[in-house]
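Read the structure below first, then the notes.
Nothing in this text is a laboratory measurement; each read-out follows from the coordinates by a stated rule. Please read these numbers as outputs of a predicted model, since none were measured by experiment. Note that we place each Cβ from the backbone using ideal geometry, even for glycine, and neighbour counts take in every protein chain shown.
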Amino acid sequence: MKKQNSLLAYLLIGIGIYFLLRELKIPILTDFYSWQTLLIIIGLALLIHSYTSKNYQNLFGGTIVLGLGIHLHGVQYYTFWIDHWAVFLLIIGLAFIVRYAKTKKGLLPGLLLIGLAILMIFSINLPGYFNWIYDIIEFLERFWPIAMIVIGIYLLKKK
């Protein structure tokens with residue numbers, strides 16, 4: 001029973017601390033009184049629950065939610081933060097690596113996504129032999145909803 005309610009307990013503790021600090025109005029924490037912080041709290045709760053219960057199914061989702069919260073907070077409050085679409089690939093790649101550390105699944109997709117994200121983030125102009133990447137990105141930007149539909153149908157049909 002204890003393990004079953006631990007995720008809810010972590011969420012309640014995190015959100016309670018968030019609202020308590022918000023009421024105390026501590027000046028150094030004013031940047032963290034946002035919805036992005038709630039994403040960070042949910043991601044941390046998922047990760048803590050996964051590690052403490054030794055049930056690693058929430059590692060991937062927790063890492064993605066935590067990464068999105070950190071990224072969106074950084075974009076909102078820090079001028080030096082990188083606001084590039086490839087950061088989302090980087091977050092997903094990191095989620096695969098975090099999951100791989102405990103389940104030994106997902107190393108190759110994680111490394112590929114991280115490599116592609118780094119290539120796209122740090123290259124303003126790619127060499128000529130990488131021009132095909134821009135065509136693929138343009139195609140994906142236009143038809144990404146279809147990809148989501150296909151992946152969803154695949155997940156429903158997968159046994």
What is the order of TRP144, TRP81, fewest Cβ neighbours within 10 Å to most? TRP144, TRP81
Per-peptide average of other Cβ atoms within 10 Å, ordering 26-35, 43-52 highest first: 43-52, 26-35
Lys pairs in region 2-124 with Cα under 23 Å (8 or more apart in sequence, or on separate chains) total 7
Arrange THR79, THR103 by Cβ neighbour counts within 10 Å, fewest through most, would you? THR79, THR103
In the chain, if the dipole is taken from +1 on Lys/Arg beta carbons and -1 on Asp/Glu beta carbons about the Cα centre, which of LEU47, ASN5, ILE149 is farthest to the positive end? ASN5
In degrees from 0 to 90, rounded to the nearest 10, what is the angle of the helix 2-24 Cα long axis to the longest principal axis of the chain? 80
Fully extended contour minus Cα-Cα distance, from TRP81 to ALA147, at 0.36 nm per residue: 20.9 nm
